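Written below as structure tokens is the structure these notes are about.
The values are calculated or read from the model by the stated rules, or taken from the named source; none is laboratory data. Values in this document were obtained by computation on a predicted structure and should not be read as measured data. Here the Cβ positions follow ideal geometry from the backbone for every residue, glycine too, while neighbour counts run over all protein chains shown.
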Amino acid sequence: MSKNVLVTGAARGIGKGIALRLAADGHDVAVNDVAAHEAELEAVAKEIRETGRRSAAITADVADSESVTAMVAETAGALGSLDVMVANAGIAQVLPLLEVTPEDWDRMMAVNARGIFLCYQAAAKQMIRQGNGGKIIGAASIVAHRPFALLGHYSASKWAVRGLTQAAAMEWARHGITVNAYCPGIVGTAMWDLIDEKLAESEGIRKGQAIEKYSNLIHLGRVSVPEDVAAYVSYLASPDSDYMTGQSVMIDGGIQFS
Ligand code: NAD
């Protein structure tokens, strides 16, 4: 059955992969990203429309409460309802904890923890008003189970997503809303390009070597692609996952076992 979906941080990377997969599944998909990525975002919305599904490109900063409320209202206005929220937008920063400033900490938490909270809450309010339940899906990470050194404040922000996902699942079950998170391992996106570059700098190795080193941890023997994560989100958006809530599942090629 076709649903109306919103995917945040969908101009590129995992969010784009999720948006295109959910459109291919037959859903109508609004996409969000920051204003600086508007052109790429419009291109994703166009690609979705070319598959015959409806789409809308909505620029908003997920760290800003009013923008998130407006984004959810715009999605419901454009598509008719909001049935599935994919709170995917996130940022990363590679820095030893001893060098993380209060401003670094606040920015990380603003996007990765408050941003996910605001998206969860605005979506839940909309779904409760609609009265038909819904599915809320968030981006956590393998580091929500096993932190990586030099990604300390990023890891903390993703642990926050895992905790929030559990609490939201408890509170919103009575409204027929399930809440789950996906925990990718190492996905070859712009985010990992940055992590690789900064890890290489701090470990005194050449660019490309850090991702190579961490890739040795992957039992399935290859770095992930957005489609790996999107396939799992497709399941979370479908009725097949109706009896699952509060989980943060690793899609990491077998780095960390639950
Ligand atoms: P990416 O940097 O390639 O894409 C993230 C997108 O989110 C960008 O287009 C960016 O502009 C957008 N974004 C950032 N801040 C935003 C904001 N305040 N409001 C709206 N949009 C914003 O990253 P990715 O690798 O595609 O990661 C997507 C999600 O998956 C993130 O939450 C990330 O933490 C998580 N994740 C990624 C990996 C990985 O290996 N790449 C692993 C685990 C978890």
What pairs can you find where one residue is in the stretch 13-41 and over 14 Å from Ala78 (Cβ atoms), the other is hydroxyl-bearing (Ser, Thr, Tyr) and within 15 Å of the ligand (Cβ to nearest atom), and their Cβ atoms are less than 6 Å apart, with a gap of 6+ or different chains?
Gly13/Thr189; Ala35/Thr59; Glu38/Thr59
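I need the helices (runs of 4 or more DSSP H) fully contained in the stretch 180-244, keeping only those with at least 2 residues that are over 21 Å from the mean Cα position of the chain (by Cα). Break it down stepwise before answering.
Values: elements: 190-203, 209-215, 226-237.
Answer list for the stretch 180-244: 190-203, 209-215.
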Scan the stretch 98-105 and give yes if some residue there is under 21 Å from Pro184 (Cβ atoms) and at pLDDT 95 or above, otherwise no.
no
Here's a check for you: in the stretch 105-137, which residue that is among the small types (Gly, Ala, Ser), in contact (Cβ under 8 Å) with a residue 12 or more places away in the chain and out of contact with any Ser or Thr (no Cβ under 7 Å at 6 or more places or on another chain) is farthest from the ligand (Cβ to nearest atom)?
Gly133
Tally, over the stretch 63-75, of residues that are more than 18 Å from the chain's Cα centre (by Cα), among the hydrophobic types (A, V, I, L, M, F, W, C) and within 16 Å of the ligand (Cβ to nearest atom):
1
Residues that are farther than 17 Å from Ala19 by Cβ and either of a type in the set (D, E, K, R) or touching a Cys at 6+ places or on another chain (Cβ under 6 Å) (or both): does the stretch 214-226 have at least one?
yes
Of all the residues that make up the stretch 138-156, how many are without any contact (Cβ under 8 Å) to a residue 60 or more places away in the chain, farther than 22 Å from Leu220 by Cβ and assigned to a helix (DSSP H, G or I)?
3
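Within the stretch 24-38, identify whether any single residue is more than 15 Å from the ligand (Cβ to nearest atom) and under 18 Å from Val225 (Cα atoms), and answer yes or no. Lay out the reasoning, then the answer.
Restricting attention to the stretch 24-38, the residues satisfying the condition of being more than 15 Å from the ligand (Cβ to nearest atom) are 24-29.
Cutting the leftovers down to under 18 Å from Val225 (Cα atoms) gives us 24.
Yes, because at least one residue in the stretch 24-38 is more than 15 Å from the ligand (Cβ to nearest atom) and under 18 Å from Val225 (Cα atoms).
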Looking at (1) among the small types (Gly, Ala, Ser); (2) away from the ligand (no atom under 13 Å from the Cβ); (3) under 30 Å from Leu150 (Cα atoms), which is the one condition that is false for Ala60?
(2)
What tally of residues in the stretch 1-12 results from selecting those that are more than 10 Å from the chain's Cα centre (by Cα) and under 17 Å from Val72 (Cβ atoms)?
4
Checking Ser141 against (1) more than 10 Å from the ligand (Cβ to nearest atom); (2) of a type outside the set (A, V, I, L, M, F, W, C); (3) crowded, with 24+ Cβ neighbours inside 10 Å: exactly one of these is not met. Which one?
(1)
Pick from the stretch 182-228, criterion of a type in the set (S, T, N, Q) and within 13 Å of Gly253 (Cβ to Cβ), ranking: surrounded by the fewest Cβ atoms within 10 Å (Cβ to Cβ):
Asn216
The residue from Ala78, Ala45 that alone is away from the ligand (no atom under 14 Å from the Cβ), in contact (Cβ under 8 Å) with a residue 12 or more places away in the chain and assigned by TED's automatic domain parsing to the domain that holds Pro147 is Ala78
Which residue is farthest from Leu118 (Cα to Cα), if the candidates are limited to the stretch 20-72 and must be touching an Asp or Glu at 6+ places or on another chain (Cβ under 6 Å) and small (Gly, Ala, Ser)?
Ala57
